[in-house]
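To keep things clear, I will list the structure first and then write my remarks on it.
What follows draws every value from the coordinates through simple rules; no lab data is involved. Just so it is clear, the model here is predicted, and its values are computed rather than measured. No Cβ is skipped: glycine too gets one built from the backbone with ideal geometry, and neighbour counts run over all protein chains shown.
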C-alpha cells in the first residue's frame with residue numbers, strides 16, 4: 001500500500017469508527033458487533049503505526065470515544081477514566097508481558113506479580129465518597145469529562161450509600177445487567193411490543209443514562225468495583241490489597257481475580273476465564289491482565305488514552321455451523337407472531353443451541369434464509385444465540401422457502417401486517433395465546449374497572465381453568481374465587497360485587513376494554529356518543545367511521561376489521577348474554593359550550609382528578625391534550641404546575657384556575 005492509498009484508507013476507517021463509536025457510546029444502539037468494531041480499530045491502529053505521518057490527536061486510537069449526553073451536568077474526572085489497550089492473541093499477551101519484565105529488570109523490581117480479572121461488559125462509572133458517604137457518581141464519557149448520574153446510581157442496590165469507614169475515596173466500577181435479568185427484560189419488552197436491546201451492555205448503558213431516575217430505578221442494574229481512583233489517608237502496595245480493602249468498606253468487588261507470577265500462570269488464568277464464561281452470571285468481553293505492584297505501575301505510566309500497566313485480552317467470538325431444520329411460529333401475549341428457527345443441536349460458547357428467534361419476516365428475507373440451509377450460529381453478548389450467516393455455497397437445491405402464516409397458528413384468526421410495521425399479528429380477541437394480556441386490559445381501571453381482579457388473580461384463574469375467555473369473568477362463582485385465597489370469602493364477595501357493577505358501565509368503557517388497535521379511552525368516548533350502542537358501531541362502515549373527527553382512515557379500518565372477526569362477534573354475544581351493558585348511558589349532550597376548544601391540564605387539582613376534569617370538558621364538546629401548543633385554548637393550572645405552565649405563558653395562552661374552570665362549567 002502506497003502513501004496515498006494509506007491516507008485514503010485511514011480517513012475512511014476514521015469515519016467508520018467514529019460513526020460506530022457514536023452508535024455504541026452515545027446512542028447505546030450499536031449496528032455492528034464488538035468484534036467487527038475491534039477489527040476496524042486494529043486496522044486503523046496498524047496503519048497509523050506504519051504511516052505515523054497520518055496519525056492525529058483526534059483519532060479514536062488516541063482517545064476514548066464517548067461524549068456527554070445533552071441534559072446531564074458535566075463532571076471533570078480528577079483521575080482520568082482511561083480505556084485499555086486491546087489484544088486478540090496469546091502471542092500479543094506474551095509480547096506485552098515480555099516488555100513489562102524487561103522494564104522490571106531495568107528498574108530492579110523484584111517479586112513481580114500480576115492479576116487477571118474478568119472484563120465486565122457494561123458501562124464504566126466513577127463513585128465519589130466524602131467521609132464515607134456517597135456524594136457523586138459519573139459516567140466515563142471521554143475519559144476526562146463524564147456525565148453526572150448521581151441520582152440514577154442511587155437506584156443501584158449494590159452501591160453503598162455509606163461506607164464502613166469515614167473516608168474520602170473515589171472508586172471505579174462497571175455497571176451491568178446480569179444475563180438472567182437481561183433475558184427477562186427483553187422478554188418483557190417483546191411482550192410489550194417494545195424495541196429489544198441489542199445486548200446487555202447497551203441495556204445497562206441506556207438505563208444508567210436516563211434523564212429520569214424513575215426509569216433507571218425500574219431497570220435491574222448491578223455493579224462490580226474494580227479500581228481505586230483516588231483515596232485520602234491510605235496507602236497500598238498492591239492492586240490485590242486495594243480490592244480486599246474495598247470489600248471491607250462494603251463495595252461489591254469484581255468476583256473473578258486470579259493472582260499470577262509467570263506468563264504460564266497468566267495463560268492458564270485467561271483460559272480458565274474463557275472456559276468459565278458460560279457459568280458466569282454476567283457477560284464479559286475479555287480478560288484484563290494487570291500489573292499488581294502499584295509502585296511499579298507509577299514507573300510504567302500511561303499514554304493519553306491507555307495505562308501501560310494493563311492490557312485487555314479479547315476472546316474471539318465462537319461460531320459454529322449447523323442445519324436450519326425448520327421454522328415455526330410462536331404467538332406472544334400481544335398477538336405478535338414471531339418466527340423461530342429449529343436447529344440441529346450444536347454447542348456454542350458452552351451451551352447447546354437447538355433454537356433461536358428469527359425476529360420477523362424482514363429478518364428472514366435480509367438473511368435469505370431457507371429451511372434446510374447450513375447456517376452459522378454465535379452468541380450475542382454471551383447470552384442470545386443468533387444466526388449470523390447463511391452458507392449459500394452448501395445449498396443442495398432441496399432447501400425450502402418460508403412464508404409467514406396468513407392465519408394465527410394458535411386460534412386460526414386472520415394474521416395481518418399493518419403498513420409500516422415489521423410485525424405480523426393475530427387479530428383474534430379470543431386467541432388463547434393473547435388471553436392473559438387481553439384479560440388484564442379488559443378489567444383495568446380505564447376499561448371495565450373491575451377492582452380486585454389483578455394479574456395475580458387472573459393468572460390463578462387461568463391456571464385452574466376457571467376462566468377460558470373474557471366473558472367467563474361474568475360466570476365466576478363465589479366459591480371459585482374464595483378458593484384462591486385462605487379465608488377468601490370476603491375477598492370473593494367484594495370481587496363478585498365489582499364484577500356485577502361493571503355490567504352497568506357506559507358503552508365507552510366496553511369499547512375501551514375490547515382493546516381495538518389504535519382505540520383508546522378518548523376515541524371510545526367519541527364512538528359511544530356517536531353510535532349509542534354496540535350493534536350500531538359493529539355495523540358502521542370504514543368510510544363512515546373515517547369521517548368522524550379524531551378517528552381517521554387508519555383507525556377506521558382497524559375498527560371495521562375488528563368487528564368483522566368471528567371471535568369478536570362471538571365475544572359480544574357472550575357479553576350480552578352475561579348482562580353486560582352495550583348501550584351508551586351518558587345523557588345526550590345538547591350543550592357544546594367547549595366545542596372547538598382544546599384544554600391542557602397541569603399541576604394538582606383539588607376538586608377533580610385529571611380524568612374527571614377531562615370528562616367534563618369532553619361532555620361539553622371540548623378536547624384535552626397532553627402538550628401545550630399554539631392551538632391550545634386554555635391551560636387549567638393547579639398547584640405545582642411545571643413546564644407546561646411556563647410554555648403557555650411564553651405562547652400567550654389563556655391560563656385558568658380551578659375556580660375559573662368551575663365558573664365556565666356552571667355559567668357557560
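How high is the FRET efficiency between residue 19 and residue 55 when r is their beta carbon distance and R₀ equals 22 Å, given to the nearest 0.05? Let's see the in-between values first.
Values: r = 20 Å, r/R0 = 0.90.
Given R0 = 22 Å and the Cβ-Cβ separation, E is 0.65.
Taking the Cα atoms only, what angle lies between the long axis of helix 566-577 and the longest principal axis of the chain, rounded to 10 degrees? Approximately 50 degrees, to the nearest 10.
Restricting things to Cα coordinates, could you compute the convex hull volume per residue of region 3-62 in Å³?
Working: hull volume 4.2 nm³, N = 60.
Expressed per residue, the convex hull around the Cα atoms of region 3-62 is 71 Å³.
Over region 212-259, consider all pairs of different Cα atoms and compute the Kirkwood hydrodynamic radius from their mean reciprocal separation; express it in Å, one decimal. Could you put the intermediate results ahead of the total?
On the way: mean 1/r = 0.0786 Å⁻¹.
Answer for region 212-259: a Kirkwood hydrodynamic radius of 12.7 Å.
What the Cβ-Cβ distance of residue 371 and residue 543 gives, at R0 = 41 Å and to the nearest 0.05, is a FRET efficiency of 0.45. Note on residue 535/residue 323: beta-carbon distance plugged into 1/(1 + (r/R0)^6) with R0 of 56 Å gives a FRET efficiency of 0.55. Length available on full extension from residue 180 to residue 168: 0.36 nm per residue minus the Cα-Cα distance, which gives 0.8 nm. Angle check, please: helix 239-249 long axis (alpha carbons) against the longest principal axis of the chain (alpha carbons), in degrees 0 to 90, nearest 10. Helix 239-249 and the main axis of the chain meet at about 40 degrees.
Which whole number of Å³ per residue matches the convex hull of the alpha-carbon atoms in region 261-411?
On the way: hull volume 28.1 nm³, N = 151.
Here the figure is 186 Å³ per residue.
Hey, what does the equivalent ellipsoid look like for region 14-153, semi-axes from the Cα gyration tensor as sqrt of 5 times each eigenvalue, largest first, whole Å? Mind dumping the intermediate values first?
Values: eigenvalues 167, 118, 41 Å².
Taking √(5λ) for each Cα gyration eigenvalue gives 29, 24, 14 Å.
Shape annotation for region 76-313: C-alpha extents along the principal axes are 60, 41, 31 Å, from largest to smallest.
In this entry, region 598-667 is assigned a mean projected area of 4.2 nm², taken as a quarter of its C-alpha convex hull surface. Computed from label points 7 Å out along Cα-Cβ, the spacing between residue 215 and residue 643 is 1.1 nm.
With a simple spin-label model that places each label point 7 Å from the Cα along the Cα-to-Cβ direction, the separation between residue 281 and residue 89 comes to 3.8 nm. Orientation-averaged projection of region 532-603 equals 7.4 nm² [convex hull of Cα atoms, one quarter of hull surface area]. Projecting label points 7 angstrom from Cα along Cα→Cβ for residue 388 and residue 363 puts them 1.6 nm apart. Listed from fewest to most Cβ neighbours within 10 Å, the set 411, 329 follows the order 329, 411. The long axis of helix 489-502 is offset from the longest Cα principal axis of the chain by roughly 60 degrees. Structural descriptor for the chain: relative contact order 8 percent, calculated from alpha carbon pairs under 8 angstrom and at least 6 residues apart. Compactness check for region 432-577: Cα Rg over 2.2 N^0.38 Å is 1.11. Net length available on complete extension from residue 406 to residue 188 is 75.9 nm, with 0.36 nm assigned per residue and the Cα-Cα distance removed. Region 314-328 and region 486-520 have Cα centres spaced 48 Å apart. Compared with the direct C-alpha span, the chain from residue 351 to residue 154 gains 67.4 nm at full extension, assuming 0.36 nm per residue.
Just check region 298-344 against the gyration tensor rule for me: Cα atoms, a ≥ b ≥ c as the square roots of the eigenvalues, rounded for a/c under 1.5, and otherwise prolate or oblate depending on whether a/b exceeds b/c.
Numbers: a/c = 8.08, a/b = 2.69, b/c = 3.00.
Since a/c reaches 1.5 but b/c is at least a/b, the shape of region 298-344 is classed as oblate.
Residues 402, 442, ranked from the fewest to the most other C-beta atoms within 10 Å, line up as 402, 442. Residues 557, 58, 373, ranked from the fewest to the most other C-beta atoms within 10 Å, line up as 58, 557, 373.
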